[in-house]
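Data block below; observations after.
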Amino acid sequence: MPDAISAYLAGPDVFAPDAGARFAAMRQLCADNGIAPICPTDGDLPPGLAGATLARHIKFANIQQIRSASCVIANISPLRGPNMDPGTAYEIGFAEALGKPVFLWSETTTTLAARTQAASEGRDAQGWMIENFGLAENLMIGINDFGPVATSFAAALAGAKRHFTQPAD
């Protein structure tokens, strides 16, 4: 494996009541696989920041972390509804725009269409069409050049490790 492979760990895990334990477990798995983890919670927050000023600091600190990472491993598990966390979607798009490999995982195997409440005939209660491509998330996320959505962080991490260890063609 090339030296200094790092992975930014995107996802709603920062909001979980057990966020510290989640990141500790992910950090250990990364270390066991020779990949340096970069967590959104890494780094110190400047004292006295609040509200939009604090939010701006966090956003640009996370952007810098993504820029410095070799890849992104993103948890796209549904958060507060049928879809993934919007901040994670932004991080995935930003990483892809930079040309970084993105490896996806979700705690659910249910498709987006199955998680979306349909009134009838593939439409929601307001009549809007429900995307149904059999994917875990909207096609802009669910179609990924680095493999299908993994069912665990460990499986997504294994995909990242394979990507960086396979010989170039």
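The values are calculated or read from the model by the stated rules, or taken from the named source; none is laboratory data. Please read all numbers here as calculations on a predicted model, not as lab measurements. Positions of Cβ are generated from backbone atoms using ideal geometry, with glycine treated the same way; all protein chains shown enter the neighbour counts.
Every condition in (1) at pLDDT 95 or above; (2) of a type outside the set (Phe, Trp, Tyr); (3) in a helix (DSSP H, G or I) holds for ILE58 except the one numbered (1). Among the residues of the range 14-53, just one is touching a strand residue (DSSP E or B) at 6+ places or on another chain (Cβ under 6 Å), in contact (Cβ under 8 Å) with a residue 60 or more places away in the chain and not aliphatic (A, V, I, L, M), namely CYS30. No other residue among THR88, THR109 is in contact (Cβ under 8 Å) with a residue 40 or more places away in the chain and loosely packed, with under 11 Cβ neighbours inside 10 Å apart from THR109. Filtered by the rule that a residue be on the phi > 0 side of the Ramachandran plot and in contact with a helix residue (DSSP H, G or I) (Cβ under 6 Å, 6 or more places away or on another chain), the range 117-157 gives a lone residue, GLY147.
The residue list SER68, SER152, SER77 contains one member that is surrounded by 15 or more Cβ atoms within 10 Å (Cβ to Cβ), at pLDDT 95 or above and under 18 Å from GLY11 (Cα atoms), which is SER77.
For the range 54-85, filtered to residues that are free of Cβ contacts under 8 Å to residues at least 40 places away in the same chain and either in contact with a Cys (Cβ under 9 Å, 6 or more places away or on another chain) or charged (D, E, K, R) (or both), the residue that is farthest from VAL149 (Cα to Cα) is ARG56. If the condition is being in a helix (DSSP H, G or I) and surrounded by fewer than 14 Cβ atoms within 10 Å (Cβ to Cβ), then the range 136-149 contributes LEU139, MET140. ALA4 satisfies every condition listed in (1) at pLDDT 95 or above; (2) more than 30 Å from ARG115 (Cα to Cα) except (1).
Mind checking whether some residue in the range 123-135 is surrounded by 15 or more Cβ atoms within 10 Å (Cβ to Cβ), of a type in the set (Phe, Trp, Tyr) and without any contact (Cβ under 8 Å) to a residue 60 or more places away in the chain?
no
For the range 112-119, the criterion of being within 22 Å of ALA10 (Cα to Cα), out of contact with any Ser or Thr (no Cβ under 6 Å at 6 or more places or on another chain) and either in a loop (DSSP other than H, G, I, E, B) or not charged (D, E, K, R) (or both) is met by at least one residue.
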